[in-house]
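What follows is a short report on a single structure.
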Amino acid sequence: MTKTMLMSLPSSWFGGSGIAPPTLHRPHLVTISVRASRMKIETGMENNTTDICGGGDCESCPTDPALLIDSKQAIHALSGKWKLEILFTLMHGGVRFGALRRALMPITQHMLSAQLRELERDGLVARKVLAEKPLQVEYELTDSAWGLTPAFRELLVWSKTYGPRRSAQASETALGAELA
(Lines give C-alpha, C1' and ligand atoms only; values in the text may rest on other atoms or scores of the structure.)
Protein backbone atom coordinates (compact mmCIF):
# COMPACT_ATOMS: atom_id res chain seq x y z
CA MET A 1 0.00 0.00 0.00
CA THR A 2 1.29 3.44 -0.90
CA LYS A 3 -0.10 6.70 0.36
CA THR A 4 1.02 10.16 -0.71
CA MET A 5 0.36 13.19 1.46
CA LEU A 6 1.68 16.62 2.30
CA MET A 7 3.44 16.85 5.63
CA SER A 8 6.30 18.45 7.50
CA LEU A 9 9.04 16.66 9.41
CA PRO A 10 8.18 15.84 13.05
CA SER A 11 10.48 17.27 15.69
CA SER A 12 10.92 13.78 17.21
CA TRP A 13 13.14 12.90 14.23
CA PHE A 14 15.77 15.21 15.62
CA GLY A 15 16.00 13.21 18.89
CA GLY A 16 16.03 15.99 21.42
CA SER A 17 19.56 16.89 20.35
CA GLY A 18 18.81 20.56 20.58
CA ILE A 19 18.67 20.80 16.81
CA ALA A 20 15.46 22.35 15.64
CA PRO A 21 13.75 20.78 12.67
CA PRO A 22 14.14 22.83 9.52
CA THR A 23 11.34 25.20 8.83
CA LEU A 24 9.63 24.34 5.62
CA HIS A 25 8.43 27.23 3.54
CA ARG A 26 6.30 24.88 1.48
CA PRO A 27 4.84 21.55 2.52
CA HIS A 28 6.78 18.62 1.08
CA LEU A 29 5.25 15.76 -0.84
CA VAL A 30 5.94 12.57 1.08
CA THR A 31 5.15 9.03 0.01
CA ILE A 32 4.65 6.49 2.74
CA SER A 33 4.99 2.85 1.71
CA VAL A 34 3.93 0.14 4.10
CA ARG A 35 5.58 -3.18 3.34
CA ALA A 36 6.07 -6.08 5.74
CA SER A 37 4.62 -4.00 8.58
CA ARG A 38 7.39 -1.39 8.31
CA MET A 39 6.76 2.20 7.43
CA LYS A 40 9.11 3.72 4.91
CA ILE A 41 9.00 7.45 4.35
CA GLU A 42 10.11 8.71 0.96
CA THR A 43 10.50 12.24 -0.27
CA GLY A 44 8.43 11.95 -3.43
CA MET A 45 11.56 12.20 -5.58
CA GLU A 46 11.80 8.42 -5.88
CA ASN A 47 10.40 6.60 -8.85
CA ASN A 48 7.75 4.33 -7.36
CA THR A 49 7.29 1.94 -10.27
CA THR A 50 6.63 -1.25 -8.33
CA ASP A 51 2.86 -1.32 -8.85
CA ILE A 52 2.03 -2.95 -12.18
CA CYS A 53 -1.12 -1.86 -13.95
CA GLY A 54 -3.37 -4.09 -16.03
CA GLY A 55 -0.51 -5.05 -18.37
CA GLY A 56 -1.02 -2.40 -21.04
CA ASP A 57 1.65 -0.04 -22.27
CA CYS A 58 1.07 3.17 -20.40
CA GLU A 59 3.18 5.87 -18.80
CA SER A 60 2.73 4.44 -15.32
CA CYS A 61 3.82 0.90 -16.31
CA PRO A 62 7.32 0.02 -15.17
CA THR A 63 9.90 -0.77 -17.81
CA ASP A 64 10.82 -4.42 -18.08
CA PRO A 65 14.18 -4.87 -16.22
CA ALA A 66 15.41 -7.35 -18.85
CA LEU A 67 14.73 -4.76 -21.55
CA LEU A 68 16.74 -2.16 -19.62
CA ILE A 69 19.67 -4.57 -19.27
CA ASP A 70 19.60 -5.38 -23.00
CA SER A 71 19.46 -1.70 -23.97
CA LYS A 72 22.34 -0.87 -21.63
CA GLN A 73 24.44 -3.61 -23.23
CA ALA A 74 23.64 -2.35 -26.73
CA ILE A 75 24.39 1.25 -25.82
CA HIS A 76 27.65 0.24 -24.12
CA ALA A 77 28.71 -1.81 -27.17
CA LEU A 78 28.16 1.16 -29.50
CA SER A 79 29.20 4.02 -27.24
CA GLY A 80 32.67 5.35 -27.59
CA LYS A 81 34.21 8.32 -29.28
CA TRP A 82 35.10 6.43 -32.47
CA LYS A 83 33.07 3.21 -32.48
CA LEU A 84 30.32 4.34 -34.82
CA GLU A 85 32.85 5.85 -37.22
CA ILE A 86 34.82 2.60 -37.19
CA LEU A 87 31.69 0.56 -37.89
CA PHE A 88 30.63 2.89 -40.72
CA THR A 89 34.08 2.64 -42.28
CA LEU A 90 34.07 -1.17 -42.09
CA MET A 91 30.70 -1.34 -43.88
CA HIS A 92 32.60 -1.09 -47.17
CA GLY A 93 34.46 -4.34 -46.45
CA GLY A 94 37.55 -5.48 -44.57
CA VAL A 95 40.13 -2.78 -43.91
CA ARG A 96 43.71 -3.03 -42.70
CA PHE A 97 44.67 -1.25 -39.51
CA GLY A 98 46.77 1.44 -41.22
CA ALA A 99 44.10 2.23 -43.80
CA LEU A 100 41.49 2.38 -41.05
CA ARG A 101 43.63 4.82 -39.10
CA ARG A 102 44.13 7.03 -42.16
CA ALA A 103 40.39 6.98 -42.88
CA LEU A 104 39.63 8.07 -39.32
CA MET A 105 42.27 10.80 -39.08
CA PRO A 106 42.92 12.37 -36.30
CA ILE A 107 42.41 9.17 -34.24
CA THR A 108 45.54 8.00 -32.43
CA GLN A 109 46.93 4.50 -32.84
CA HIS A 110 46.31 3.78 -29.17
CA MET A 111 42.67 4.92 -29.30
CA LEU A 112 41.98 2.96 -32.49
CA SER A 113 43.49 -0.18 -30.96
CA ALA A 114 41.44 0.23 -27.78
CA GLN A 115 38.19 0.85 -29.65
CA LEU A 116 38.79 -2.11 -31.98
CA ARG A 117 39.53 -4.37 -29.00
CA GLU A 118 36.23 -3.35 -27.37
CA LEU A 119 34.31 -3.87 -30.62
CA GLU A 120 35.94 -7.28 -31.02
CA ARG A 121 35.10 -8.19 -27.42
CA ASP A 122 31.46 -7.19 -28.01
CA GLY A 123 31.31 -9.35 -31.14
CA LEU A 124 30.88 -6.52 -33.64
CA VAL A 125 34.29 -6.65 -35.33
CA ALA A 126 36.38 -9.63 -36.40
CA ARG A 127 40.17 -9.42 -36.49
CA LYS A 128 41.89 -11.39 -39.23
CA VAL A 129 45.66 -11.84 -39.24
CA LEU A 130 46.99 -12.08 -42.80
CA ALA A 131 49.90 -14.40 -43.48
CA GLU A 132 52.21 -11.75 -44.90
CA LYS A 133 55.57 -10.31 -44.01
CA PRO A 134 55.42 -7.92 -42.22
CA LEU A 135 52.42 -9.06 -40.25
CA GLN A 136 49.19 -7.50 -41.51
CA VAL A 137 45.89 -7.31 -39.63
CA GLU A 138 42.53 -6.70 -41.26
CA TYR A 139 39.28 -5.85 -39.51
CA GLU A 140 35.78 -6.61 -40.77
CA LEU A 141 32.24 -6.53 -39.47
CA THR A 142 30.71 -9.65 -37.96
CA ASP A 143 27.23 -10.90 -38.78
CA SER A 144 25.86 -9.25 -35.65
CA ALA A 145 27.31 -5.90 -36.76
CA TRP A 146 25.76 -6.33 -40.20
CA GLY A 147 22.46 -6.66 -38.34
CA LEU A 148 22.89 -3.00 -37.38
CA THR A 149 22.61 -1.93 -41.04
CA PRO A 150 18.95 -0.81 -40.73
CA ALA A 151 19.84 1.27 -37.67
CA PHE A 152 22.77 2.85 -39.53
CA ARG A 153 20.49 3.67 -42.47
CA GLU A 154 18.02 5.33 -40.11
CA LEU A 155 20.85 7.35 -38.53
CA LEU A 156 21.88 8.55 -41.99
CA VAL A 157 18.28 9.50 -42.82
CA TRP A 158 18.01 11.35 -39.52
CA SER A 159 21.32 13.13 -40.18
CA LYS A 160 20.23 14.19 -43.65
CA THR A 161 16.89 15.40 -42.31
CA TYR A 162 18.04 17.26 -39.22
CA GLY A 163 21.82 17.68 -39.55
CA PRO A 164 21.96 20.54 -42.10
CA ARG A 165 19.07 22.34 -40.41
CA ARG A 166 20.92 22.19 -37.11
CA SER A 167 24.10 23.48 -38.76
CA ALA A 168 22.19 26.29 -40.49
CA GLN A 169 20.50 27.27 -37.25
CA ALA A 170 23.84 27.31 -35.45
CA SER A 171 25.32 29.51 -38.22
CA GLU A 172 22.35 31.91 -38.04
CA THR A 173 22.68 32.12 -34.27
CA ALA A 174 26.41 32.84 -34.51
CA LEU A 175 25.82 35.41 -37.25
CA GLY A 176 23.06 37.08 -35.22
CA ALA A 177 25.36 37.25 -32.20
CA GLU A 178 28.10 38.91 -34.27
CA LEU A 179 25.71 41.52 -35.63
CA ALA A 180 24.29 42.37 -32.22
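Some observations on this one:
- Shape call, segment 73-152: gyration tensor on alpha carbons, a/c limit 1.5: prolate
- Accessible surface of segment 112-167 [probe 1.4 Å, protein heavy atoms]: carbon and sulfur percent: 55
- Cβ-Cβ distance of LYS133 and HIS92, R₀ of 30 Å, FRET efficiency by 1/(1 + (r/R0)^6): the value works out to about 0.70.
The values are calculated or read from the model by the stated rules, or taken from the named source; none is laboratory data. The structure presented is a predicted model; accordingly, all values stated were derived computationally and were not measured. Because the Cβ atoms are built from the backbone with ideal geometry, glycine has one as well, and the counts that use them run over all protein chains shown. All accessible areas refer to the heavy atoms of the entire protein, side chains included, with ligands and DNA or RNA removed. Shrake-Rupley method; radii C 1.70, N 1.55, O 1.52, S 1.80 Å.
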